[in-house]
Amino acid sequence: MLPRQPARGGGRRAVARGGAAAGGGPWRGRSGAREASSLATAVAPGPRVSSMASAPTSKYNSHSLENESIKRTSRDGVNWDLSEAVPRLPGETRITDKEVIYICPFNGPIKGRVYITNYRLYLRSLETDSALILDVPLGVISRIEKMGGATSRGENSYGLDITCKDMRNLRFALKQEGHSRRDMFEILTRYAFPLAHSLPIFAFLNEEKFNVDGWTVYNPVEEYRRQGLPNHHWRITFINKCYELCDTYPALLVVPYRASDDDLRRVATFRSRNRIPVLSWIHPENKTVIVRCSQPLVGMSGKRNKDDEKYLDVIRETNRQISKLTIYDARPNVNAVANKATGGGYESDDAYHNAELFFLDIHNIHVMRESLKKVKDIVYPNVEESHWLSSLESTHWLEHIKLVLTGAIQVADRVSSGKSSVLVHCSDGWDRTAQLTSLAMLMLDSFYRSIEGFEILVQKEWISFGHKFASRIGHGDKNHADADRSPIFLQFIDCVWQMSKQFPTAFEFNERFLITILDHLYSCRFGTFLYNCESAREKQKVTERTVSLWSLINSNKDKFKNPFYTKEINRVLYPVASMRHLELWVNYYIRWNPRIKQQQPNPVEQRYVELLALRDEYIQRLEELQLASSAKLPDPSTSPAGPSQMMPHVRTHF
Amino acid sequence: MLGKGVVGGGGGTKAPKPSFVSYVRPEEIHANEKEVTEKEVTLHLLPGEQLLCEASTVLKYVQEDSCQRGIYGKLVCTDFKIAFLGDDESALDNDEAQFKNKVIGENDITLHCVDQIYGVFDEKKKPLFGQLKKYPEKLIIHCKDLRVFHFGLRYTKEEEVKRIVSGIIHHTQAPKLLKRLFLFSYAAAAQNNTATDPKNHTVMFDTLKDWCWELERTKGNVKYKAVSVNEGYKVCVRLPAYFVVPISLPEEDVLRFQGHGIPIWCWSCHNGCALLKMSALPKEQDDGSLQIQKSFLDGIYKTIHRPPYEIVKTEDLSTNFLSLQDIQTAYSKFKQLFLIDNSTEFWDTDIKWFSLLENSSWLDIIRRCLKKAIEIAECLEAQNMNVLLLEENASDLCCLISSLVQVMMDPHCRTRVGFQSLVQKEWIMGGHCFLDRCNHLRQSDKEEHQRQLSLPLTQSKSSPKRGFFREETDHLIKNLLGKRISKLINSSDELQDNFREFYDSWHSKPTDYHGLLLPHIEGPEIKVWAQRYLRWIPEAQILGGGRVATMSKLLEMMEEVERLQEKIEERHHSQGALPAEGPSLLRSSARLSSLFPFALLQRHSSKPVLPTSGWKALGDEDDLAKREDEFVDLGDV
């Protein structure tokens, strides 16, 4: 851990200059107003002209969101070198540091020192007129490539190009002499892709402590009880206690009262990966339900299963409606048909008389992955200028968002109107199905629009029901081209953002909350999104050995609160799934571009927060005045408040 | 106040009771109609307004639900408006009534607001002009404010159809004499209401005093003077009676070319730099005249190039910028995107929305206007240069650019009164030819006269509410107007660099909302001004959502703070009793729709709107779409 001598000397000078340039602030200096809402922000220095050098550029510096948890590991006290100070989590260890040229796509090459730990890559500019800081968790790295060879000419053509999962690339130029590139490549590969090197994911090394335990946020029994379950028609079953019925489902399931455990076992044989229809949500009044599952194993021959048919009818009857059960198959019709070839399929009219099937035309994970790639092409590093709108359209990203939202609106409307219960599936019921059920629940149940409610929703519909986070994100895995990867959860969060944009007072959380979730979807700092299903998580003792993301958020909730939030019970939110209202989420997808950066917070919000503070101050003052006057009436001499406290400018706390 | 005329009381002319029928075919409505007891519906006429023609039993279709619903009533045409009588406006709750337009009702279309009239003949929609041989079964009126009305005439008596249709066509399409415009009969009949509070009224710039006041306000009076050389329009009818020129400019110069070639002051920046405009000298062929013009201009430039005047940068808007034709073409395409006849049309266009928007070029034009204004602000603010805008008559793009620059640079222009005064100064007194550009007299169908020049400017504005205008507008300028770029086909690299540096450095600093404001002009930041353009489209409304949700929370909070403030005040004056709580402006904010306060009556159902059109082909991704989710292909890089 001892810093090398030459580096230290150079570093100290750089900091002295950098400190002056940043208005005296050390690397942590920043101003609240323009604080970025991101975990790791490429810092844009002011325009690189001398007149700007003295400007307080430090306000663009943003580092990790959680400076509180950063510990400056003080060594012997004598050798303490400020320039070596990189944010350090408990459990985070330093691996190496190197002088590099960071090729900033917005401001050109910047000389800096990069520090690599087992958790992050941290770069600080060594140039006086730039206060640039990069703070990138290694978990976001998708791919590391060497650029340039021994014969490379031209400035900065030799180095590393790092592709990140969060819509950016990082390029570093290194000296050809020595083995600095090879060293950096190997170290980064090792710690960014620990699985390939039999190393633990950082979440298992993280020793952060928070004053709340995020793992206790979601308790399935409590959540079902909140929904009024079990009741006469629905029971909680422990048939999957040891994941023997379905290894990708949670241990605890809610099923129709009238279906026995044997029935469930027989139904499981007819559903892809045994993912049987189970309850996700029940309407508190009309008792219609949202049920989720995987596709039936119909196959080319059009197999039928009496138990499955009967089971669906039992579900239909739970709300005592005579109407048919509505089945929403998330896939496009043709895909559902094509799935028969591989043994899957959909519920046909002949077999399921009391059900009505609709296809929602949402495309598969591959289409979504390619669509997001196209979004990156038009926003990074440069935002497509001349044909922005048609370029955006050609990515289809917002069209996919529109279809997912439209599907969820249909599910919510069916249930809210009491027309019928709804069964949702796609192929395996862990991607599109999770999107649809969770979005519909968000529309129907205002509880999920609170911070803890949303955490429960994610924990329940996504994590416990086996959305394959490990495969879709590729935590610690070096295979960047794995066809299993897909931004399904990001797409869900984008839909939530679109809803929060359309209903700015309906959500307790703010944009920063959503961005923080996405940042830690990749960061590997928390155990929340690790592994594909509950059984795997249990095997790895994730809740014992890692920290939950919700610990971080819930111990600092104020940061993630939307000041405009107005709690409304029983209000169904229907967003308008029209391109006229859908927007590209600029603050997420284009956040690395300093030119596009939006005002944070926006002026209306800022004003509102000021007014809130003013109101609280006035209320307090009024109370003081009331106390003072009521105390004065019986016996003025014993009044605790002196006459000066009657003056408006005095703010004394009682 | 406004007078109320009542029409429709007399024998036999009673309008049918407003009947609100859901999901019933028109035939059924018709069958029931005679049984209902008739109720008097009144037409409100302004002073001086005259009823011209009317027709009964007209069915006004409710736009949502594919025109399946309708309300029976009477369609009338006056010399001011087309009005439909039959809606039950008592359904408005208090909040809504508060925001109702007091002059133009929900079913009123002023004659000047009519953009295009269509008739439906055997299910086919055709534009209507002039004399008709055949009368349509349905009348569709597209308004300039983007409302769309459908009137069914199938159950109207034939002669009434003829009268109302030809009446409407005549009064909205035939050329008009200026003196026949309604405002003259209104002004003659209505009492003159003059502004009450002189401190807080719009500066009209029709007196020398107003100009002097403006010079003083901007501290331009050191180098510029107000002149009355054009009093009584002796020199030029185009120019206002009073205007401002450089102090050292001899007044005779104004006379030389009837005000052409004269630098006219628009506004002074805090550093003393000024924004000036100049109309070009008449185009001359012969050398002699050109020589005279040249020496005249040399003299002018000498005057304004010499100290105390800063270096002048000339910005020729006639050659280096958008043409009026570009703007007109773009707006015609753009507005069509919002004149939606029915739900099917809405969803059909939804899927290609972004490319339709792009094809209209409107947002690109907005962006170029904003960019030009930022460039000029940069010259004034950062380079300490005067800027002279040059245009043929200095009354179109000059108005646009100069007022945009002032909105960005002068916080006064972002107050309600300040903005009104700005419009008065730059557009009304600036001689913008509203009559031609809006074709108020319908001189011809030649589109070239009609230009929507003031629209780019008003993209930055919204309805003022309770003295809240400043904050609101500041925000809007950042976020609505603050959105517009295309190919930067402009000037030199150096200029581009200056612009970039100025723009980037401003955007990298915390914003002072009472100082210079620069809009964002990157592609993703330039969005459609939803509250104007989408306000009448029921499919586009977000129930209980939209920007109004936060704005009304803010207003509520302001009221609460004010109330608390009052309470504290009262405590200090030891008046024991607390005042009763004042009525809140918006009690039911959560239920307002995103279209508030425009489309008040359109929020009947709480049903979600669902897209009806399907999926567009993915093109090159088709093979991906066919793949299975769990397909593993490690070779794909």
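The values are calculated or read from the model by the stated rules, or taken from the named source; none is laboratory data. Bear in mind that the values here come from a model prediction, so they are computed numbers and not experimental data. Cβ: placed from backbone, ideal geometry, glycine included. Neighbour counts: every protein chain shown.
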Flagged pairs (Cβ under 6 angstrom, 6 or more apart or on separate chains; first in region A:549-569, touching a residue at least 60 places away in the same chain (Cβ under 8 Å); second of a type in the set (Ser, Thr, Tyr) and outside any helix (DSSP H, G or I)) are A:Leu549/A:Thr528; A:Phe564/A:Thr505; A:Thr566/A:Thr505
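Based on this model, can you work out whether B:Pro597 counts as at the interface with chain A (Cβ under 7 Å from one of its Cβ atoms), under 37 Å from the mean Cα position of the chain (by Cα), at pLDDT 60 or above and outside any helix (DSSP H, G or I)?
Working: at the interface with chain A (Cβ under 7 Å from one of its Cβ atoms): no; under 37 Å from the mean Cα position of the chain (by Cα): yes; at pLDDT 60 or above: yes; outside any helix (DSSP H, G or I): yes.
When the stated conditions are applied, B:Pro597 does not pass them.
For region A:320-336, which residues satisfy the criterion of being surrounded by 15 or more Cβ atoms within 10 Å (Cβ to Cβ) and either away from chain B (no Cβ under 11 Å) or among the small types (Gly, Ala, Ser) (or both)? Explain how you work it out, then say what you get.
Step one: of region A:320-336, the residues surrounded by 15 or more Cβ atoms within 10 Å (Cβ to Cβ) are A:321, A:323-332, A:335-336.
Listed by number, the residues that qualify are A:Gln321, A:Ser323, A:Lys324, A:Leu325, A:Thr326, A:Ile327, A:Tyr328, A:Asp329, A:Ala330, A:Ala336.
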In region A:486-504, anything under 18 Å from A:Ser427 (Cβ atoms) and either among the hydrophobic types (A, V, I, L, M, F, W, C) or surrounded by fewer than 20 Cβ atoms within 10 Å (Cβ to Cβ) (or both) is listed as A:Ile488, A:Phe489, A:Phe492
message = Looking at region A:434-446, can you tell me whether even one residue there is more than 30 Å from B:Ile521 (Cα to Cα), under 25 Å from the mean Cα position of the chain (by Cα) and within 10 Å of chain B (Cβ to nearest Cβ)?
response = yes
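Tell me, yes or no, whether region A:586-604 has at least one residue that is part of a helix (DSSP H, G or I) and at pLDDT below 90.
yes
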A:Tyr352 modelled with pLDDT of 95 or more and either at positive phi or under 35 Å from the mean Cα position of the chain (by Cα) (or both): no
Of (1) out of contact with any strand residue (DSSP E or B) (no Cβ under 6 Å at 6 or more places or on another chain); (2) more than 17 Å from A:Val424 (Cα to Cα); (3) without any contact (Cβ under 8 Å) to a residue 60 or more places away in the chain, A:Tyr243 fails just (3)
Fill in: Condition check for A:Glu568: surrounded by fewer than 21 Cβ atoms within 10 Å (Cβ to Cβ) and in a loop (DSSP other than H, G, I, E, B)
yes
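Yes/no per residue for (1) assigned to a loop (DSSP other than H, G, I, E, B); (2) on the phi < 0 side of the Ramachandran plot; (3) out of contact with any strand residue (DSSP E or B) (no Cβ under 8 Å at 6 or more places or on another chain):
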{"position": "A:Glu155", "(1), (2), (3)": "yes, yes, no"}
{"position": "A:Phe172", "(1), (2), (3)": "no, yes, no"}
{"position": "A:Gly178", "(1), (2), (3)": "yes, no, yes"}
{"position": "A:Leu199", "(1), (2), (3)": "yes, yes, yes"}
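Show me the helices (runs of 4 or more DSSP H) found entirely inside region B:323-372 where at least 2 residues are of a type in the set (Gly, Ala, Ser) and either touching a Cys at 6+ places or on another chain (Cβ under 9 Å) or within 14 Å of chain A (Cβ to nearest Cβ) (or both).
On the way: elements: B:324-336, B:343-350, B:353-360.
Helices (runs of 4 or more DSSP H) meeting the threshold: B:353-360.
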Considering region A:535-564, residues that are part of a loop (DSSP other than H, G, I, E, B) and either under 16 Å from the mean Cα position of the chain (by Cα) or under 24 Å from A:Gln491 (Cβ atoms) (or both), and then whichever is farthest from the other protein chains (Cβ to nearest Cβ), we arrive at A:Val547
Filtering region A:397-425 down to residues that are in contact with a strand residue (DSSP E or B) (Cβ under 7 Å, 6 or more places away or on another chain) and in a loop (DSSP other than H, G, I, E, B) yields A:Ser420, A:Ser421
Residues of region A:294-328 being within 17 Å of A:Lys340 (Cα to Cα) and out of contact with any helix residue (DSSP H, G or I) (no Cβ under 7 Å at 6 or more places or on another chain), in sequence order, are A:Ser301, A:Gly302, A:Lys303, A:Arg304, A:Asn305
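Let's see how each residue does on (1) aromatic (Phe, Trp, Tyr); (2) in contact with a His (Cβ under 9 Å, 6 or more places away or on another chain); (3) closer than 30 Å to A:Glu393 by Cβ; (4) touching a residue at least 24 places away in the same chain (Cβ under 8 Å):
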site: B:Ala377; (1), (2), (3), (4): no, no, no, yes
site: B:Met385; (1), (2), (3), (4): no, no, no, yes
site: B:Glu392; (1), (2), (3), (4): no, no, no, yes
site: B:Ser395; (1), (2), (3), (4): no, yes, no, yes
site: B:Ile401; (1), (2), (3), (4): no, no, no, yes
site: B:Leu404; (1), (2), (3), (4): no, no, yes, yes
site: B:Cys413; (1), (2), (3), (4): no, no, no, no
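With respect to B:Lys219, determine if the residue is over 22 Å from B:Cys433 (Cβ atoms), in a loop (DSSP other than H, G, I, E, B) and within 33 Å of the chain's Cα centre (by Cα). Show your work before the answer.
Working: over 22 Å from B:Cys433 (Cβ atoms): yes; in a loop (DSSP other than H, G, I, E, B): yes; within 33 Å of the chain's Cα centre (by Cα): yes.
Judged against the criteria, B:Lys219 is a match.
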If we keep only residues of region A:460-509 that are without any contact (Cβ under 8 Å) to a residue 40 or more places away in the chain and either among the hydroxyl-bearing types (Ser, Thr, Tyr) or at the interface with another protein chain (Cβ under 9 Å from one of its Cβ atoms) (or both), then the residue nearest to A:Ser280 (Cα to Cα) is A:Asp482
Among the residues that make up region A:403-412, is at least one of them among the polar types (S, T, N, Q), surrounded by fewer than 24 Cβ atoms within 10 Å (Cβ to Cβ), modelled with pLDDT under 95 and farther than 21 Å from A:Met167 by Cβ? no
The residue that is surrounded by the most Cβ atoms within 10 Å (Cβ to Cβ), considering only those in region A:442-485 that are touching a Ser or Thr at 6+ places or on another chain (Cβ under 9 Å) and of a type in the set (Gly, Ala, Ser), is A:Gly466
Of (1) crowded, with 19+ Cβ neighbours inside 10 Å; (2) in contact with a strand residue (DSSP E or B) (Cβ under 8 Å, 6 or more places away or on another chain), A:Arg235 satisfies every one except (1)
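Determine whether A:Thr151 is in contact with a helix residue (DSSP H, G or I) (Cβ under 6 Å, 6 or more places away or on another chain) and in a loop (DSSP other than H, G, I, E, B). Please lay out each step first, then the result.
On the way: in contact with a helix residue (DSSP H, G or I) (Cβ under 6 Å, 6 or more places away or on another chain): no; in a loop (DSSP other than H, G, I, E, B): yes.
For A:Thr151, the condition - in contact with a helix residue (DSSP H, G or I) (Cβ under 6 Å, 6 or more places away or on another chain) and in a loop (DSSP other than H, G, I, E, B) - is not met.
Just checking, which of B:Ser552, B:Ser505 is of a type in the set (Gly, Ala, Ser), outside any loop (DSSP other than H, G, I, E, B), within 24 Å of the chain's Cα centre (by Cα) and modelled with pLDDT of 75 or more? Break it down into steps so the answer makes sense when it comes.
Values: B:Ser505 fails: within 24 Å of the chain's Cα centre (by Cα).
Result of the check over B:Ser552, B:Ser505: B:Ser552.
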